[in-house]
Amino acid sequence: MLYIVPTPIGNLKDFTYRAVEVLQGVDVIFCEDTRTSKRLLDYYEINKPLSPYHRFNEHKIVTHIVEQMKAGKVFALITDAGTPGISDPAFLLVRECVKENIIVECLPGATAFVPALVNSALPASSFVFEGFLPPKKGRQTKLKQLAEEERTIIIYESPLRLVKTLEELIIYFGNERQCCVSRELTKMFEENKRGTLKEVTDYFSQKGVKGEIVIVIAGKE
């Protein structure tokens, strides 16, 4: 059996009782970075073997993991932050488990784009989640497509590329499109900056940016 277990996106207290219970009962916990995950597990006194599972090794080890589960092992998959499969590894392993009739159970939990979307004050009844935009190839094509999207748009970005991406959004979406940039969600210095793309770009151009970034943009009217 495979458990997909979301982890806190910042505040370690944003973890469910059920998640702790599940992780305490599995044979092995697969994670992106054992050092990062150990901090969470130590906080909740979870003493289980950790094994790396990330985008650089998933294709090499997925078959072995599936074979172990077919032999009776029970595993959990977590990420450094948030829900596995949402801009993080999980799809490949889940797909292979389904092919082999291995039970997969996904627990509900933290995902960065949900609080960012609700906090943005932009329509949340219909939206499109894009994750990280293509870094080079296909980036302009994607931005042109999204500029015509009528639903609220959600993308992830790194703090180092935030201002550059906002400047690109202005080129394709215009200065006046409403948006909200959320950073450090659930942490002490959480910030949600709302306004036009021009206003938000000017704001972040004048200050250092830290933390994981979620950009929420109004759809085309």
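All of the numbers you see were taken from the coordinates with simple rules; none came from a lab. Quick caveat, the model's predicted, so the values are computed rather than measured. Neighbour counts are summed over all protein chains in view; Cβ atoms, including those assigned to glycine, are modelled from backbone coordinates with ideal geometry.
Assorted remarks:
- Under the criterion of Cα pairs below 8 Å and six or more residues apart, the relative contact order for the chain equals 22 percent.
- Largest GNM mean-square fluctuation among PRO134, PRO115, PRO52, using the chain with Cα springs under 10 Å: PRO134.
- Sequence-distant aspartates and glutamates (8 or more away, or on other chains) whose Cα lies within less than 18 Å of LYS142: GLU130, GLU150, GLU157, GLU167, GLU168
- Where only DSSP H runs of four or more residues are counted, the chain gives -10500 deg cm²/dmol as its mean residue ellipticity at 222 nm, each run worth -39500 (n - 2.57).
- Phi angles across the range 183-190 convert, under the Karplus curve 6.51 cos²θ - 1.76 cosθ + 1.60 with θ = phi - 60°, into 3J(HN,Hα) values of 9, 6, 4, 6, 9, 4, 9, 4 Hz, Gly and Pro given as x.
- Choice from PRO49, PRO89, PRO159 showing the highest fluctuation, given a GNM over the chain with Cα pairs closer than 10 Å: PRO49
- Candidate lysines - alpha carbon under 25 Å from LYS38, same-chain residues fewer than 8 apart omitted: LYS13, LYS48, LYS60, LYS73, LYS187, LYS210
- Likely footprinting exposure, ILE65, ILE103, fewest C-beta neighbours within 10 Å first: ILE103, ILE65
- Think of each Lys and Arg Cβ as +1 and each Asp and Glu Cβ as -1; about the Cα centre, that makes the dipole of the chain roughly 440 debye.
- Residues whose amide H lies under 5 Å from that of THR83, counting only those 5 or more places away or on a different chain, are THR7, ALA112; hydrogens are built 1.01 Å from N in the peptide plane.
- Against the rule of thumb 2.2 N^0.38 Å, how large the Cα Rg of the range 2-106 comes out: 0.98
- Two-decimal log10 I(q)/I(0) for the range 129-199, as the Debye equation yields it once each C-alpha is a single scatterer, q = 0.13 Å⁻¹: -0.38
- Using C-alpha pairs below 8 Å separated by at least 6 residues, the relative contact order for the range 2-106 is 42 percent.
- Semi-axes of the equivalent ellipsoid for the chain, Cα gyration tensor, largest first, Å: 35, 19, 15
- Charging the Cβ of each Asp and Glu at -1 and of each Lys and Arg at +1, and nothing else, the dipole of the range 2-106 about its Cα centre rounds to 100 debye.
- For ILE213, distant residues with modelled amide H under 5 Å away: GLU157
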